[in-house]
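J.: This is the structure I want to talk about, given as structure tokens.
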Amino acid sequence: MKNVEGHRNLKVREGKYYWRETIKGRKYFESLHVPYTGRKAEEKEAVARMQEKQKLARTEQFDRLDDTRVKVGYATIGAIIKQYEAAAAAYGLADSSRKKAVNSLKFIITTATGHYSDDLSSTVLTGKLVRDYRDAVLAGRTDLDTARRTIASTLRNARAVFAGWTHDEYRKLKLPDLTDFKKGAANRTHIKQYVLPPQDLIDRTIKAGRQLLQDGKTGLAAMFLLTYDCALRSTEAQLATRDWIGDGWIEVRAGKTWNARRVGRKIPLNKETQAELESLLRQNEEYILPGKHMTERKTLAEREFSEWMRGLGWTREQYPKTAHELRKLKGSRWYTDQGPHIAQTLLGHVSVATTCKLYATLDKLPEALPRES
């Protein structure tokens, strides 16, 4: 065994770094799972892992210390992620969805334990990890509803690493029972029924939106038409091309460029909206929104358009997603006037339950049903 200069408790044995130390009467001698190459990069990583173990040992967080040890026979988190990324690429999953799942899994582990390493055993994925992550996010937060939505969203993304289609992909890996991690509820949040914004805000927004084209603000006008008249998601508006526009409809084409669960559909257009959209098309440019690059269109959709709506009174506290609020206005109208199933189809929801939960409004009561004889 060889000592590492400058680090009394860091050792080298059989080509790997080890931590050896006695803390509060307990003796520790553990592999840090970092190869010894003589380079500073590996030494720095080994020191970081050793310091994390020292901190947990000194504060007697033995359960978390145990999580940092690679359990014999069980796959590491790094091995799972490597297999998932390869399978996701072959499956055709969008890069954005893959990265979101992997980053969310790493974020949960880091937030709950204070440390992440690819060498962590998959036995760290427990119901306790979910609860520790929840408690860490909620600590000191006053905006509890927002925090709980964040928790639910991040967990949903992380659990996508173990989605149904991945099961066969992990058959060569030894995994622990992940039921508590995959199914454990960390704050089931009550989804509030959609409530229409004040009528004066709606009227003011629609009037200002119709004026955009006349004022020569073509980029904002295009965004307004796509997100209000067509009820497109902001990302869909950024991806919309001139060939989506047909005779009396606009076709949202699903693909690998956005979340795989989103559904393609045709949305009917009235003559005025179609004429205005066609007037905004620019010669030799493919996209409906101005900007040859996604970054330019994203800036328009998520910054400039948001600033325009904020200026009309759509406050960040009440309406965190600006363009999506216009989609919700049209979705609620479809729901009330044409029923949930038509609204589901036009909005591109996979489940009608989503439409009912997020777009239903009772501001306009339906006609009473006739009595059965």
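Laboratory data are not the source of any read-out in this text; all were calculated from the coordinates shown. Quantities reported herein were computed from a predicted structural model and do not represent experimental measurements. Methodologically, a virtual Cβ is constructed for each residue, glycine included, from the backbone with ideal geometry; neighbour enumeration extends over all protein chains shown.
J.: Compute the distance from the alpha-carbon center of segment 157-181 to that of segment 1-73, in whole Å.
T.: Computed from Cα coordinates, the inter-centre distance equals 29 Å.
J.: By how many degrees, 0 to 90 and rounded to 10, does the Cα axis of helix 40-58 deviate from the longest principal axis of the chain?
T.: Approximately 80 degrees, to the nearest 10.
J.: Along the three principal axes, how long is segment 199-359 when you take its alpha carbons, biggest first, rounded to the nearest angstrom?
T.: Dimensions of segment 199-359 along the principal axes of its Cα atoms: 40, 34, 30 Å.
J.: Subtract the Cα-Cα distance of Ala87 and Asp143 from 0.36 nm times their separation in residues, and report this length gain in nm to one decimal. Could you put the intermediate results ahead of the total?
T.: Details: separation 56, 0.36 × 56 = 20.16 nm, distance 3.77 nm.
Working it through step by step, the gained length comes to 16.4 nm.
J.: On a straight-distance basis, which lysines could pair with Lys271 in a cross-link, Cα separation under 28 angstrom, same-chain partners fewer than 8 positions away excluded?
T.: Reachable lysines: Lys207, Lys217, Lys292, Lys298, Lys328, Lys330, Lys364.
J.: Now, a different point. Considering only Gly78, Phe181, Tyr28, whose Cα is most displaced toward the positive end of the charge dipole of the chain, charges sitting on Cβ of Lys, Arg (+1) and Asp, Glu (-1)?
T.: Of the candidates, Tyr28 comes out farthest on the positive side.
J.: Of the lysine pairs in segment 41-174, how many meet both conditions: Cα atoms under 18 Å apart, and a spacing of 8 or more in sequence or different chains?
T.: Lysine pairs, 8 or more places apart or on different chains, close enough: 12.
J.: Which whole-number percentage describes the relative contact order of segment 199-359, with Cα contacts under 8 Å and a sequence gap of 6 or more? All intermediate terms of the calculation are to be shown ahead of the outcome.
T.: Values: 182 pairs, mean separation 42.6, N = 161.
Over segment 199-359, the number comes to 26 percent.
J.: For the chain, what is the relative contact order in percent, using Cα pairs closer than 8 Å and at least 6 residues apart in sequence?
T.: Details: 448 pairs, mean separation 46.8, N = 373.
Contact order relative to length: 13 percent.
J.: Could you work out how far apart the two model spin labels at His341 and Gln199 are, taking each label as a point 7 Å from the Cα in the direction of the beta carbon, and quote it in nm?
T.: Taking the two extended label points, one gets 3.2 nm.
J.: For the chain, with the dipole built from +1 on Lys and Arg beta-carbon atoms and -1 on Asp and Glu ones, taken about the Cα centre, which of Ala101, Trp19, Thr235 lies farthest toward the positive end?
T.: Value computed over the given set: Trp19.
J.: Placing +1 at every Lys and Arg Cβ and -1 at every Asp and Glu Cβ, with all other atoms neutral, what dipole size does the chain have around its Cα centre, in debye to the nearest 20?
T.: 1500
J.: For a bin width of 10 Å, list the pair-distance distribution of the chain built from all Cα-Cα distances, rounded to whole %.
T.: 4, 18, 23, 20, 15, 11, 6, 2, 0, 0
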